[in-house]
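Student: Got a structure for you, questions after.
The values are calculated or read from the model by the stated rules, or taken from the named source; none is laboratory data. Remember, it's a predicted structure, so these values are computed and weren't measured experimentally. We place every Cβ from the backbone using ideal geometry, glycine too, and count neighbours over all the protein chains shown.
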Amino acid sequence: MSTQYHYGTGRRKTSVARVRLYPGTGDIVINDKPLEEYFVREADRFQVRAPLRATNMLGQFNVMVKVTGGGIAGQAGAVRHGIARALLVANPDLRPVLRKEGFLTRDPREKERKKPGLKRARKAPQYTKR
């Protein structure tokens, strides 16, 4: 494998994905496992491949990813974000396509913390007048 690669960091919720794009045949490896083995749900695999599909780069790069934190859906979103950023480093001309599809925007939604006196972040105990 060549040492020339393009790097991108993706984040979603509490997940962080460090993505490397190597020129290659389209293999996607996440945490030393193939994509199909790591993401069992088809929706997650579809989401990971989305930036490559949108830019017609599906078979042109091998993708190596190290992803930590969060759950499965958050990790899939982080990997998608990281691949989009790495594609941008590889070819800055892809920015309009990636921007239009929303792959470069970091999803800012996080879990809201639980507040004292409440049951969850916003759910209050039932109010009784008497």
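Student: What pairs come out if I take residues in region 11-27 that are closer than 14 Å to Arg49 by Cα and without any contact (Cβ under 8 Å) to a residue 40 or more places away in the chain and pair them with residues that are polar (S, T, N, Q) and surrounded by 14 or more Cβ atoms within 10 Å (Cβ to Cβ) whose C-beta lies under 6 Å away, six or more apart or interchain?
Tutor: Listed pairs, sorted by first residue: Asp27/Asn62.
Student: Select from region 1-59 the residues that are charged (D, E, K, R), part of a strand (DSSP E or B) and farther than 15 Å from Phe103 by Cα and write down the one among them that is nearest to the chain's Cα centre (by Cα).
Tutor: Filtering first and then ranking leaves Arg18.
Student: Give me the pairs: first residue in region 62-74 and closer than 25 Å to Gly24 by Cβ, second residue modelled with pLDDT of 95 or more and surrounded by fewer than 15 Cβ atoms within 10 Å (Cβ to Cβ), beta-carbon distance under 8 Å, and six or more apart or on different chains, which are they?
Tutor: Val65/Asn31; Lys66/Asn31; Val67/Asn31
Student: How many of the residues in region 63-101 are in contact with a helix residue (DSSP H, G or I) (Cβ under 9 Å, 6 or more places away or on another chain) and not in a helix (DSSP H, G or I)?
Tutor: Going through region 63-101 one residue at a time, the tally reaches 6.
Student: For Leu104, only one of the following conditions fails: (1) part of a loop (DSSP other than H, G, I, E, B); (2) free of Cβ contacts under 8 Å to residues at least 12 places away in the same chain; (3) touching a Leu at 6+ places or on another chain (Cβ under 7 Å). What is its number?
Tutor: Unmet condition: (2).
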